Every structure is written in structure tokens, then in C-alpha cells.
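Novice: Got a structure here, written out as C-alpha cells. Questions coming.
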Amino acid sequence: MPPGALRAIKFFIIPFFILDYGGFCYGHLMAVTGFFSTAGLQGGARASLAQVWQWDFWIAVTAIGLSHLFSFFNNYLGKGEYKHTSLFLLMQRPYGRIVAMHIAIVFGAGFVMWLGSPLPILMILIVAKTAMDLKLHQKERLKMAAAT
């Protein structure tokens, strides 16, 4: 494919991916804050959205962002992973996590309703999601290391 054609494709694909994946992430944010916060359970979407603006939420977002930035600079640029992948592979990679998050939210919401409290299932989901992310990150790093 000529470089000009690939550049033109990127101008469509990248914004599409940002909107599509960002929409899923926003929906997950609303579901999680709605199901797992007392404000969301009592006050609906507006109350749960108001919690997004609290400082402790942004500490978590900052930590995740820093983790991803470190991985980007260390692995993707530093170890040359960009040489062994394509735009389409990079775009497909996170959708497996979207499916896992859908399932976790649906079952988590069911458990919240069954238990009558969001705290136990929220703690389980945090531990399970962290463990899954670590395992998937290690698997991804091994796969990329084998390609170099």
C-alpha cells in the first residue's frame, strides 16, 4: 500500500477508533459509577456523573495514565514494538477487554442487587481486573518480545 493511502486511512480509522472505544469506556464508566456508588444507586446518572469530578477519581485516572505512558515509552518505542505491529492489530487488541468488562459489569450488577451492597463485589472486581490486566500485559509483552 502506498504511504499516502495509509496516511489517508489513518485519518479516518484513528478518530473512528477513539470515538468507538471511547464510547465503550464512557458507557462502562457510567455503568460502574451507577451500580457501584451509593450516589448512582440513589440519585441516578447525574449523581454518579458528579462523582467523576471528585479528586480521588482523578488519582486513579492519573495512575492508569502514567502506567500506560510508561508502557508506551518503554515497550512500544523503547523496545521497538512498533516495528512488529500494524494499525489494525493495535486497534483490535483492546476489544477483548471490552467484552470482559461487559461481562464483569453485568454479573457484578447482579451480585450488587443480590447482596444489597456494592462493596464486596467491587473489591472482588478490582482484584480480578488487576490480576487479569497484569496477566494480559505479561502475555502481550512476551508475544511482542518473541516477534523482535
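Novice: Straight-line reach only, C-alpha to C-alpha below 20 angstrom: list the aspartates and glutamates that Lys83 could link to, leaving out same-chain residues fewer than 8 apart.
Specialist: Glu140
Novice: Assuming R0 = 41 Å, what is the FRET efficiency of Phe107 and Arg7, from their Cβ-Cβ distance, to the nearest 0.05?
Specialist: Values: r = 42 Å, r/R0 = 1.04.
Step by step, r from the Cβ atoms, then E = 0.45.
Novice: Between Val99, Ala128, Leu89, whose Cα lies farthest towards the positive end of the dipole of the stretch 3-147 when Lys and Arg beta carbons carry +1 and Asp and Glu beta carbons carry -1, centred on the Cα centre?
Specialist: Working it through, the farthest residue towards the positive pole turns out to be Leu89.
Novice: Which of the trypsin sites (Lys or Arg not before Pro) found in the stretch 72-148 are in a DSSP loop and have at most 16 neighbouring Cβ atoms, other than their own, within 10 Å? Could the numbers behind the result be given before it?
Specialist: On the way: sites: Lys79, Lys83, Arg97, Lys129, Lys135, Lys139, Arg141, Lys143; in loops: Lys79.
Here the sparse-neighbourhood loop sites are Lys79.
Novice: Another question, if that's okay. If I model a spin label as a point 7 Å beyond the Cα along the Cα-Cβ vector, how far apart are those points for Phe88 and Met132 in nm?
Specialist: So the label points at Phe88 and Met132 sit 2.7 nm apart.
Novice: If you place +1 on the Cβ of every Lys and Arg and -1 on the Cβ of every Asp and Glu, how big does the dipole about the Cα centre of the stretch 3-147 come out, in debye to the nearest 20?
Specialist: Details: 12 positive and 5 negative charges, 99 e Å.
Taking the Cα centre of the stretch 3-147 as origin, the dipole is about 480 debye.
Novice: Counting each DSSP H run of 4 or more residues in the chain as -39500 (n - 2.57), what helix-only mean residue ellipticity at 222 nm follows after dividing by all residues, to the nearest 500 deg cm²/dmol? Display every interim value, and only then the final one.
Specialist: On the way: 6 runs with 121 residues, N = 148.
Counting only the DSSP helices, I get -28000 deg cm²/dmol.
Novice: Averaged over every viewing direction, what's the projected area of the C-alpha convex hull for the chain? Give it in nm², one decimal, please. Before the final figure, lay out each step's value.
Specialist: Working: hull surface 41.2 nm².
Computing the convex hull of the Cα atoms and averaging its projections yields 10.3 nm².
Every number here is computed from the coordinates shown, using simple stated rules; none is lab data. Since this is a predicted model, take the numbers as computed values, not measurements. As a convention, Cβ positions derive from the backbone with ideal geometry for all residues, glycine included, and neighbour counts pool all protein chains shown.
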